[in-house]
Each structure stands twice: as structure tokens, then as C-alpha cells.
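Below is one structure; the comments refer to it alone.
Only the coordinates and a few stated rules stand behind these numbers; no lab work does. Not measured: the values here are computed from a predicted model. Cβ coordinates were reconstructed from backbone atoms using ideal geometry, including for glycine residues, and neighbour counts include every protein chain displayed.
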Amino acid sequence: MDRVRNARHFAPRLQRWLSGAGELTGAGAGTARPDPQTPPKRDGPQLELFAQDYFAALEPARAAPPSPPQALFKAPPPPRVALPTPPVLPGAPPLRRIQLGSHNVDYVLRRSARRSIGFMIDDDGLRVTAPKRLNLAEIDSAIRAKQRWIVSKLEERGERRVLRQTKPAVQWVDGAALPYLGSTITLRLQPAARSHCRFDEATRELHVGVVEGLEEWQLRERVRLWLQGQAKTLFAERMALYAPQLGVSFRSLSLSSAGTRWGSCTVGGSIRLNWRLVYFPLSLIDYVVAHELAHLREMNHSARFWDTVGEVYPDYEGAKAALRKLSQELPAVFPD
């Protein structure tokens, strides 16, 4: 519109210039004195260019090319990592599958006498425990109501698995560094007639007797057994320390080898602690011990449960964050 208005404004002037140009280019133009009211002479090319601009301004603006059609709905983003899938045990019912966003999630369904639906996510995927009175449609509806949390936790477990697989493995040679109680110890391999493990606290060296023909997998198992023995002794000491402070008693203590599930507790008082906790500082071991013992008073993760943990371990939030961070930084000591 601005171009059209400008062209209309200059149209009278253009007409006068064209008339004056005709007079100046006619006969006798060379002897006539220029009229002060007449515009100065312009040659033909200048007039042609001006006229081209003028008439171009009168043309309607060309319409912009139409933009490509947009999709009404955005496609869901592709999965970041493969989600863990629970293993199917012999004789167990098949897994159930549900679509959550862009993910097909396989899960284990268990029935119980509980009054609400429970969700458990670990390195083996999703397990759902539901009351017997609920039908499958109601269970799937409850899962979809929690789908953001479920997918987030499953992706987190999948990323941890990828991270563990990409970490360089420990080289089982003399001088190798192994994680132990928040620091490292040095592996010392010595020829011996009998296999043995002896830890020197002063030098923080683990001396392992290597018999002739010992293979690497046998060496790894020898060190694993030593670490598990240290873990069992240490865990029992810490349990005996914190149980009286919480006013609880446990029936049994055993070791587990779960991927990143650090502990569990049953209603009957059986507690399992992951032996790999022996890699971490004593303060984080104490947090997991206090966590599982607190379940003997509150078999849930309610506010009352965390208040119970806080009675003996006030900084449980800091311990949770540190445990998550350090577990991701550990080297691959033993193959899964």
C-alpha cells in the first residue's frame, strides 16, 4: 500500500517531466532559454527507468508462496533408551504389555490381598501388584495415570544400564585399583601354593595368592568372595548399631546381588542388603541400613517412614543423591 500511495503522489510530477522533456527534445530546443518553472532536462534512459519504477509500484504485490501444511498433532518423541524388560521365569505367567506414549512397556502382574495397586521399578523393569478384585482394564487405567513417573524411572534404569556397559572394565592385573569403602584399594598378585586373600589396612593393599594355572574368572571370584565376606560382617555390625536406636528387631540378614537395588525388607523382618554397598563410604551404608530398618516400623515410603529414617539419619536426602551419583561413577568391577 505504501508503494501505491508514493506512486500516486509522484504521478503529476512525472506527467510534467514527460511534457517538458517533449518540448526540450523538439525543434529549436537548443536555442530556447529554459523556463525556471520547468524541470531540468533528463535524458531518455533516466526517464525510462523512472517510468519503470512508477508502473512497478502500481502493480499489486506478489503473494508469498503458501507454507507447507502443518500436522495437527506432533508425533511423540522417539525413546531415548531401551526400557528394561522383566525376565520371564520358568512356570511364571507371561508378561503383560501396555502402550505408554511412544513406549511398549512389558510388566509383571502379581495379585495379592492388598487394598491398593503397588508399583515396583528396578533394573529388571516394572512389577505391578494389584488387589484380586480389580479387573485388567482397571489395572491398566491405574498404570496410565502414573505413566509419566513409570516411563521416567524406566528410562533412568535403562540409561544406568547403558552407562555401566560403556564403562571400562577393571583389568585384573597386579596393581589394579578396586573400589572399597569410598576409596580404592590396590590389588597385589603373588605366586602362592594356595589361594588366599589378605588385606593390609596400613597400605590399603589386597594381597591375593595366585596358584599355578589360576584363570582370570577364578581370580575375580576369589576377590568377590572376599568383598562379600567383608560386606556381611560390616552390615551386621551396622544393623546391630541402628536397630536398638529405632526400637526394632530383625529376623535375618542376607546379601543380594541386584543391579542397583540396595536393600529390601519383608514384613516378617528379613532384610537383604546389596553386597556392592561395600564399595561406598560407611555413611552411605548406614543410610541404607537405617532405611531398611525403618521399614520394620513403616512398611511404606510415607512421610512417617521418612520421619522414622530421620530419627537416626537426618540427612537422608543428601545420602540418596550421593548414592545415586556414586553408583553411576563406579567402574565395571565384575561383569554382570
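Annotations
- Using only side-chain charges placed at the Cβ, +1 for Lys and Arg and -1 for Asp and Glu, the dipole size of region 96-166 relative to its Cα centre rounds to 360 debye.
- Amide H to amide H distances under 5 Å link residue 110 with 128, 129, 130, where only residues 5 or more positions off or on other chains count and H is placed in the peptide plane.
- Here's how it looks for residue 332: its modeled amide H is under 5 Å from those of 170, which are all 5 or more places away or on a different chain.
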